[in-house]
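To start, the structure itself, in structure tokens.
What follows draws every value from the coordinates through simple rules; no lab data is involved. Predicted, not measured: the structure shown is a model, and the values here were computed from it. Note: ideal-geometry Cβ built from the backbone for every residue, glycine included; neighbour counts use all protein chains shown.
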Amino acid sequence: MESQVLVALALSLVGGLSTSLGALFVIINKAPNLNMLGLLQGFAAGLMLSISFLDLAHNALNSIGFLKGNLWFFSGVLFFALVVNFIPEPTVVPQSETDKEKKHESEDEGSGKDMMKKHRRQVFFSGIITAVGISLHNFPEGMAVFLGSIKGLRVGLNLALAIALHNIPEGVAVALPVYFATNSKWQAFKLATLSGFAEPLGVIVVAYLFPSSLNPEILEGLLGSVGGVMAFLTLHEMLPLAFDYAGQKQAVKAVFVGMAFMSASLYFLEISLPEMTL
């Protein structure tokens, strides 16, 4: 069990630190390339859909039956729907809006520095709220990586890869308003990175909630629920962002490229790591 926790922690750290990569998009470039972020979201959505339907849900249906598999899957959908309902995930601030804010701020200079400071505080506060919201979203993703790692290294690796790609735009969403408000690259990078640490925290919490040996049927059901969580996250949040930033046609192409990539990785990991799966 300890080795499984360590593996899951390592994988979740990869996913969590991807928010730092998103922050780098903000502090290195003058403006984040939203088209590239949209394509990345589409690619990650393809990875997620492949994992959800062709791996996790498929295995649950085959292992515990059609009815039980569907019940577990849709329980995961309902769980994450409730999370999203109470904690809506913020999106990346478009550069055009940021430019407007800067222009508005410059126009207000004549009316005094107090207005400028107030405006910066408001933007900084929005960055804090964004970081909190994303942290709360990352927590169940860490739980998903842990449950996947219990099933086998192949499942854990695939989940960690998909979540890591998904977390890059989240890092942008945190870092962009903080950098604008504080003009501090370090503050923007630090806050985005901290929001990603909710993933390994999710691993630690769930590792000590579950017994060292789970009933195989319950494990397959939980993985089916993870499939439901991933499917809802993809269709509700990732695809709309990909459409907004990259355009519908380009985003759909990126989705199928992601699905093909994940299908290939599932195959090659299956034949190269058979002894490490449970």
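Applying Stokes-Einstein at 4 °C and 1.567 mPa s to the Kirkwood radius of the stretch 145-236, computed over alpha-carbon pairs, gives a translational diffusion coefficient of 86 µm² s⁻¹.
Put simply, when 225-231, 70-76, 146-152 are sorted by average Cβ atoms within 10 angstrom per residue, most first, you get 225-231, 146-152, 70-76. Around residue 39, under 15 Å between beta carbons, what's the net of Lys plus Arg minus Asp minus Glu among the other residues? Residues near residue 39 contribute +1 overall.
The stretch 188-202 and the stretch 141-174 have Cα centres spaced 14 Å apart. Packing, as the average of other Cβ atoms within 10 Å across residues, places the peptides 216-222, 36-42 in the order 36-42, 216-222, highest first.
Under a 5 Å amide H cut-off, with hydrogens placed 1.01 Å from N, residue 152 pairs with 278 among residues at least 5 apart or on other chains.
Seen from residue 230, the other residues with C-beta closer than 12 Å to its C-beta sum to a net charge of -3, counting Lys and Arg as +1 and Asp and Glu as -1. The order of the peptides 52-61, 173-182 by mean Cβ neighbours within 10 Å, most packed first, is 173-182, 52-61.
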